[in-house]
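Q: Before I ask anything, let me first share the structure, which is written out below as structure tokens.
Every read-out reported here was derived from the displayed coordinates using simple, explicitly stated rules and does not represent laboratory data. Please read these numbers as outputs of a predicted model, since none were measured by experiment. FYI the Cβ positions are ideal-geometry reconstructions off the backbone, even for glycines, and counts take in every protein chain you see.
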Amino acid sequence: MESKSTNIAQLFLRYAIAFSFLSAVADRFGFWGAAGSAGVSWGNWKNFVNYANTLNFYLPTQLGEIAAIIATVLEVLFALLLVIGFKIRLTAIASGIMLLVFALTMSISIGIKAPFDYSVWTGAAACFLLSCFKNYKYSIDNLSKSLG
């Protein structure tokens, strides 16, 4: 049985990952401010797609936009699943793989420094660590397990 502090740390880890995804998505739609504002990476969808096309230089531009849409949908989906605590282990693994691919793509296309500066490697590691827990006490997963 895991301790209360372990359960709280696991919940904090879930929420930190989830809200990091949601924060990045919010930036793409200008919720953190306009492009060029302090602390804003993209500020709008067009800038995000341009960035995604830089990372995905090996894809035709039209497919780059589709990749940007897929990444955004996955980040929102994974964030929501982590917040409500549904299919946590599977979501954590999928999130870790997505971030690992993102980190590798960033490393190849714009250099190794960027994924370290944006903690993409750390995010991937956090996702894989989250997948290692045996029980997710504060979750729909745990509730459905106890209901039988």
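Q: Quick one: net charge of LEU130's neighbours, Cβ under 10 Å, K/R +1, D/E -1?
A: Values: positive: ARG14, ARG89; negative: none.
Taking every Cβ under 10 Å from that of LEU130, the sum is +2.
Q: Here's a follow-up. Can you match Rg/Rh (Cα atoms, Kirkwood Rh) to one of these, (1) 1.02; (2) 0.95; (3) 1.08, based on a calculation from the structure here?
A: The value matching this structure is (1).
Q: How far, in nm, would the chain grow between SER5 and PHE128 when pulled straight, counting 0.36 nm per residue and subtracting the alpha carbon separation?
A: Computed gain between SER5 and PHE128 is 42.3 nm.
Q: A further question on this structure: Among PHE19, ALA67, GLY36, pick out the residue whose Cα is farthest towards the positive end of the charge dipole of the chain, where Lys and Arg carry +1 and Asp and Glu carry -1 on C-beta, about the Cα centre.
A: Going by the charge dipole, the pick is PHE19.
Q: In degrees between 0 and 90, to the nearest 10, how far off the longest principal axis of the chain does helix 120-130 point, with axes built from Cα atoms?
A: Value to nearest ten degrees: 20.
Q: So how many Lys-Lys pairs in the stretch 1-146 land under 29 Å Cα to Cα, not counting same-chain pairs under 8 apart?
A: Qualifying lysine pairs in the stretch 1-146: 10.
Q: Once phi is turned into θ = phi - 60°, what whole-Hz ³J(HN,Hα) does the Karplus curve with 6.51, -1.76 and 1.60 give for every residue of the stretch 16-27, x standing for Gly and Pro?
A: 4, 5, 4, 6, 5, 4, 5, 5, 5, 5, 4, 4
Q: Could you grab the relative contact order for the stretch 13-148? Cα pairs under 8 Å, six or more apart, rounded to a whole percent. Before the final figure, lay out each step's value.
A: On the way: 154 pairs, mean separation 31.5, N = 136.
Taking the mean separation of contacting Cα pairs over the length of the stretch 13-148, I get 23 percent.
Q: Still on this structure, please answer the following. So what's the angle, to the nearest 10 degrees on a 0 to 90 scale, between helix 61-84 and the longest Cα principal axis of the chain?
A: Approximately 20 degrees, to the nearest 10.
Q: For the stretch 4-147, give the magnitude of the charge dipole about the Cα centre (Cβ charges: +1 Lys/Arg, -1 Asp/Glu; no others), in debye to the nearest 20.
A: The dipole magnitude comes to about 520 debye.
Q: Between 0 and 90 degrees, rounded to the nearest ten: what's the tilt of helix 45-55 against the longest Cα principal axis of the chain?
A: So the inclination is approximately 90 degrees.
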